[in-house]
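To keep things clear, I will list the structure first and then write my remarks on it.
Throughout, read-outs are computed from the coordinates displayed, never taken from laboratory work. Bear in mind that the values here come from a model prediction, so they are computed numbers and not experimental data. Backbone-built Cβ (ideal geometry, glycine too); neighbour counts: all protein chains shown.
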């Protein structure tokens, strides 16, 4: 499995937010590393990309055949920063849909800037990196390749920027005004109703079938001793 | 023994762990480093739970103390070690409290109190709480209320079972994992091993098996597990990816802001706005955002629109709503998104409604510039839906440039195609008409006396202009009229016989009485046909009479000839061109029903070909000739000033470029008429070709007609082009169907026609030779041989009437150099072509098996393009083959087909109701036998009307016997019986009279 870039030549990243991320990262990488990373990314050396709070990770296959674990880190927003960001976001109710549709509205970024906030790296020094390879202190070409894969991913899904900053789309939606109405969500569910196709998509039919039959065997004798009945 | 206190902690690194505080002195204690003592002193259950644990505690956990955090020796508890320990504590407490266990433990937990397990052993509050969590965990596992996730432990990918609530205490998750793992391992041992588990998920869930999944796969795995578990939740289950996306547009409640809602549709069809679903928690915020994002991606108009405070719905301006409807809706629907519009909100088509047409009143009087050249004032009203527009409304629509307009207080969605088409047409109309098309409202009617109406109805605007009909028709067929919807409720008028009266929706031709000189009673539809022919005639317009076979096209033409002579007098001759086979039929019908008409057949070797023909023709009423003579005698034929040309079986002149068609087009007369039974609307090139003969120029050149009309209709199924073509051609085509009972209510269900067919010169020669030979033989024959001689001669005569090749038996071709050798075959070919063009089937009966064998290969070749096989059912066909033939014939009712039957074979309980044409190629002279054969096709269950053709050769013994049998008196006098045997009993003179060929029967070379 490897990631194929859409961009075959020229700069990577089209939307303004992807370009901004790339430029910040390229300031960190320097021209030489950037070029090598771009070539590696286009050659499909990045095996996978994962974006979590404060951290983008991926395995990069080196020309020497070894797999290195590259990381790029961007600090999660502090609690007060987060509060300020949510204040801006709640004034833009359409923001979640815009982000989900692949668009990061510039005016939101401009408003964030008034509170010295950004979803993007505010300066190159906000980015840190790490890699399992021996090229220390780096940034190595594995990190550089990861950067370009990340830029293209962010280009299509600006929501990833939000995730890097430790937020989810859910957070951007203002909680409903009257909270008493929101009944607690029922957790009741019927294990026999579950749809194994949803699992089979990832793990295959055989294993999904066994797991589904486990869920369907509710109350059947199992390896667990009978629990004492509390009175 | 010192008191020992058991603590259960949840360490950040180690997870659940046990540590023990031992009291060394009052007020002093230390953390236990060795387990051996404890194990010895503990109650047996607890001791067993600790059996596997190492003596010395090597791990350290952080615990909060009075002087900050400190690190104490501890026993990490994983899986069964954890559940065994907590289970042992539970058992001990149940022993102690008995039935009051639950109550007691609840109290303890509420107070944060410890519980004594025995004299020296105390379970601290965290361990007591764990017993309750453990029971909860068991229950969850029992009910399979479980989640699983792919995580990481000590840098290794693992699967972890979890309690369903994500915010449950971590210890509960750990207990659930331990119990679920054991339960799943047991399940897995019983189950059949899976074929493939490339990620290793199963053993990672049951045991310590390793999960083979990189981080992104682990995330997908967790998401898939969550989706799997959530699919078991009752109630609304909506996700943005698995539920159908719906976009709903509302009319503005106030002003001009059009609410547009993003919604999802449940499996049961209920549609919910995502904002509501998100508010009650049936849809995640991410799901709601994803749904709205899908709308944004597909609908560019919405991207620029104002969003409302839900963030998932928008408020569109009228211009945006209009753009959304015209540009975005198709893309959304293509992507499978349903777009819901306000109720009853279909696109309103713009129609052009022609108003009363005023033809130049002088034209009908003076006879100048009539017909297609007549100047006509046209007026159009423009309607949206049912609303005819006023000038202000037209202006408003033109300015709005929008699909949405408010008309008389209602929002209306315009159909942009027909609106633009109407505008374009009116522009072209303005350019092509003589008058400047002043868009003027019609004069308001004078106020009537009495109370004035409170609010006068808005006056629709009318666009007017003057042009000749031909110009108008050409405009309607031009690309400028593409997509124009011409209102069907056209109010047209114009004189008593004006063309406008013949347009669709108009009142139709002025009805006429039946001509008094016609010796027949016209059926109502024939009278209508006469009125139509007459109306066209008065304007020098040509027509195509395309009635079904058997409805009496000949009679209607004869009625027209009678009518014009009654009205005008001194009318010139009509030239009728027809296939040779029906010349005799025309001649006979004219003699029967209009004996006062002077009829001449221009036919045969002795026909006049010089000046005398031209001179003589002036005194005639009807001259009948054949298509084969048309081009040959074109010189002399075109020298006659014909009053009218009639082309019977006009499909003979439908192929452009042939000699016959060229000759037909080069003849000219003030009136032209084509007769055909073939549906002309289905073959547009044919229609154009026929129209060129009767109304040259009406449909434009063949090339432009093909480009602008025929190929859009035939290749692209262009409905509006078809409507425009019908508008232009409908005055000139009259077609009635036998099946249309609303028009022809008085028609019998079965029509029987005796078709009199001319013999070819070849047939006539052979026929006469046989009669001559018989004469000689009769003189010499004795009484006993006479009967044989007569019957044999009649048989041979009938063979000649069928086909020369049938009589000669020499294997010669049925058609020689494109010329028919048999009048019967020529007529049957025409008949079959017409029937096949309508997807109908025919049954053909002959009493001669040999004739049938000649016909089968001939028709199979002739109709090869239809892929027809010609089954021949005769006495020699086995029962099995016969059943199969019948089944195949009956199978596809709406496809062309024919079956040949020998009359004898036809008598045995066959059902062939798929056919609605029956042809008796030769006669049996036995009505009972013939009717029985006919009834193969005409039975209960037959949907269409059956047309029975009995072929009879003109002037031959066939026609004579037919006449005799038709005359009941003759039957009585002659004691004529069925069959032919009685002929042998006739006297020589009577017999020879019956057999001798009459003069006019054949074409003599």
inquiry  = If I model a spin label at residue B:170 and residue B:39 as a point 7 Å from the Cα along the Cα→Cβ vector, what separation in nanometres do I get?
reply    = 2.8
ask   = Fewest first, what order do B:549, B:580, B:375 take by the number of other Cβ atoms within 10 Å?
value = B:375, B:549, B:580
note = The helix B:553-567 Cα axis meets the longest alpha-carbon principal axis of chain B at an angle in degrees, between 0 and 90 and rounded to 10, of 60
task = With label points built 7 Å along Cα→Cβ from the Cα atoms of residue A:80 and residue B:716, find their separation and express it in nm.
result = 6.9
remark   = Of all DSSP beta bridges having both residues in chain B, the percent classed as antiparallel (nearest 5) is 55
inquiry  = On C-alpha positions alone, give me the angle between the axis of helix B:583-593 and the longest principal axis of chain B, in degrees, nearest 10.
reply    = 70
remark   = Quick calc: nm separation of the 7 Å Cα→Cβ label points for residue B:658 and residue B:212 -> 7.7
message = Rounded to whole Å, give me the distance from the Cα center of region B:376-428 to that of region B:625-667.
response = 49
inquiry  = Using only DSSP helix segments of four residues or longer, with each worth -39500 (n - 2.57), what per-residue ellipticity at 222 nm results for chain B after dividing by its residue count and rounding to 500?
reply    = -12000 deg cm²/dmol
key: Ranked by how many other beta carbons lie within 10 Å on average, peptides B:315-324, B:11-20, B:608-617 from highest   = B:315-324, B:11-20, B:608-617
task = Please state, to two decimals, what the Cα-based radius of gyration of region B:530-639 comes to when divided by 2.2 N^0.38 Å (N = residues).
result = 1.08
request  = Using a cut-off of under 19 Å, list every residue of region B:837-855 whose amide N is near the label point 7 Å from the Cα of residue B:891 along the Cα-to-beta-carbon line.
outcome  = B:839-843
key: region B:588-613 and region B:1-62: distance between their alpha carbon centers, rounded to Å   = 133
note = If B:704, B:83 are placed from fewest to most neighbouring beta carbons inside 10 Å, the sequence is B:704, B:83
request  = Could you work out how far the C-alpha centroid of region B:504-577 sits from that of region A:33-51, in angstrom?
outcome  = 88
0 to 90° range, to nearest 10: angle between helix B:719-729 axis and chain B longest Cα axis = 20
key: P(r), alpha carbons of region A:37-102 - 10 Å bins starting at zero, rounded %   = 17, 30, 27, 20, 6, 0
task = Determine, for B:534, B:586, the number of other Cβ atoms within 10 Å of each Cβ, and report the residues in order from fewest to most.
result = B:534, B:586
ask   = Which residue, A:43, A:18, A:79, has the most motion in a Gaussian network model of chain A that connects Cα atoms within less than 10 Å?
value = A:79
request  = Grab the Cα-Cα distance for residue B:417 and residue B:103, subtract it from 0.36 nm times how many residues apart they are, and report the gain in nm with one decimal.
outcome  = 105.2 nm
query = Summing -39500 (n - 2.57) over the DSSP H runs of n ≥ 4 in chain A and dividing by its residue number, what mean residue ellipticity at 222 nm do you reach, to the nearest 500 deg cm²/dmol?
reply = -12500 deg cm²/dmol
key: Among beta bridges that DSSP assigns inside the protein assembly as shown, antiparallel share in %, nearest 5   = 60
query = Counting partner chain Cβ atoms within 10 Å of every residue's Cβ in B:220-227, what's the average?
reply = 4
remark   = Plugging the Cβ-Cβ distance of residue B:965 and residue B:864 into 1/(1 + (r/R0)^6) at R0 = 41 Å yields, to the nearest 0.05, a FRET efficiency of 0.60
ask   = Given a cut-off of under 8 Å on Cα pairs at least six residues apart, what relative contact order in percent is computed for region B:630-672?
value = 52
ask   = How high is the relative contact order of chain B, in percent, with contacts defined as C-alpha pairs under 8 Å that are six or more residues apart?
value = 6
task = Let me have the relative contact order for chain A, percent, based on Cα pairs under 8 Å that are six or more residues apart.
result = 26
Highest-MSF residue in chain A out of A:57, A:22, A:106 [GNM, Cα springs under 10 Å] = A:106
